[in-house]
Amino acid sequence: MSWDPDFTTRNPILGQLTDLIRFQQPRWPDVACLNKQLAAQLPVRFIDDQHFAALDCYYEEAVARGQVPTRQANWHDFFGAVIWYLFPHTKALLNRLHMEHIAVHGARRRTPRRDRITHFDECGLVLAVREGDEAATLLQAHDWQTLFVTGRTHWQRRRAFVFGHALYELALAPFIGLTAKAVIITMPDAFFEAPVHRQYQLLDSALCRQCEQQQLFDKPKPLRPLPLLGIPGWWPANENPAFYNNTDYFRPRRQG
């Protein structure tokens, strides 16, 4: 897809980024632009294909050296840079976990644990809730009617944050079936009153801490599927309760 400087106006999912980043140039931002606008306070820099080739290593190894390979004119990698800007501590943690895996198994071997890390990196979503919120129980039960319809007003006290850069890429052209892998984090009431930039800082620290302390990716199924277009306010069609009757999208939990 071609560059669109107004991509944050396409839908509410991408609209999350409106007050966080601004790229108004008429052409694709190159790595120099990304480094200037996003990487000033990061532990990494973004590099192009030529510099990556010169490193002669795997992607994760380049990131561990502080160099994030970033393809030009590529929405996937552009959003990857944006997520580094918003969640630097968690992104660094995921890279460290990859490198620990590589040290044991080598760079080519994929294990279920490493796949879980990658899945969250690509398609993760963080749902910030207040103490006592039952969202985790409802997600685990696939109780979509309670989560999204009868309990819809509870979303006034929750906030969903896209973590997986692939989700933002897919949100350029949303489709029924678009699903995130969610982690739920309980945050204090003051968090929800903080400015949006501060919310990301607090959430990044909390997410990094929870992933590490709970050894999240050691668990067989640590992430909960969450139909992205079901989140209130993120897709116009979900204002109609009948939208949630599509069991091909809002799937019941498997028995057994």
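The values are calculated or read from the model by the stated rules, or taken from the named source; none is laboratory data. Since the model is a prediction, treat every value here as computed from it, not as a measurement. Cβ placement follows ideal geometry from the backbone for every residue including glycine, while neighbour counts extend to all protein chains displayed. Heads up: the accessible areas ignore ligands, DNA and RNA and are worked out on the full protein's heavy atoms, side chains in. Shrake-Rupley method; radii C 1.70, N 1.55, O 1.52, S 1.80 Å.
Worth a mention:
- Positions within the range 44-54 being within 23 Å of HIS197 (Cα to Cα) and either among the charged types (D, E, K, R) or exposed (fewer than 13 other Cβ atoms within 10 Å of the Cβ) (or both), in sequence order: ARG45
- Number of residues in the range 114-134 that are open to solvent by 10 Å² or more (accessible area, probe 1.4 Å), farther than 16 Å from THR90 by Cα and touching a Lys or Arg at 6+ places or on another chain (Cβ under 9 Å) equals 2.
Listed here are the residues, each with its yes/no results for (1) under 19 Å from the mean Cα position of the chain (by Cα); (2) open to solvent by 30 Å² or more (accessible area, probe 1.4 Å).
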residue	(1), (2)
CYS208	yes, no
CYS211	yes, no
LYS221	yes, yes
LEU228	yes, no
PRO236	no, yes
TYR244	no, no
ASP248	no, yes
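- The range 87-96, subset in contact (Cβ under 8 Å) with a residue 60 or more places away in the chain and crowded, with 23+ Cβ neighbours inside 10 Å, residue farthest from PHE217 (Cα to Cα): PHE87
- Of residues in the range 44-72 being in contact (Cβ under 8 Å) with a residue 40 or more places away in the chain and not in a helix (DSSP H, G or I), the one nearest to ALA92 (Cα to Cα): VAL44
- The one condition from (1) open to solvent by 30 Å² or more (accessible area, probe 1.4 Å); (2) in a loop (DSSP other than H, G, I, E, B) that ALA107 does not meet is (1).
- In the range 1-20, the residues that are surrounded by fewer than 16 Cβ atoms within 10 Å (Cβ to Cβ) and assigned to a loop (DSSP other than H, G, I, E, B): MET1, SER2, TRP3, ASP4, PRO5, ASP6, ARG10, THR18, ASP19, LEU20
- Boolean, ALA160 is free of Cβ contacts under 8 Å to residues at least 60 places away in the same chain, in contact with a strand residue (DSSP E or B) (Cβ under 7 Å, 6 or more places away or on another chain), buried (at least 18 other Cβ atoms within 10 Å of the Cβ) and within 21 Å of LEU14 (Cα to Cα): no
- Residue match in the range 150-158 (condition: of a type outside the set (Phe, Trp, Tyr) and within 18 Å of the chain's Cα centre (by Cα)): yes
- Count of the range 113-172 residues which are among the hydrophobic types (A, V, I, L, M, F, W, C) and more than 29 Å from TRP84 (Cα to Cα): 6
- Among the residues of the range 29-43, those that are crowded, with 17+ Cβ neighbours inside 10 Å and either among the hydrophobic types (A, V, I, L, M, F, W, C) or part of a loop (DSSP other than H, G, I, E, B) (or both) comprise PRO29, VAL31, LEU34, LEU38, ALA39, LEU42.
- Candidates ALA180, ALA190, ALA166 - the one that is under 10 Å from the mean Cα position of the chain (by Cα), modelled with pLDDT of 95 or more and not in a strand (DSSP E or B): ALA166
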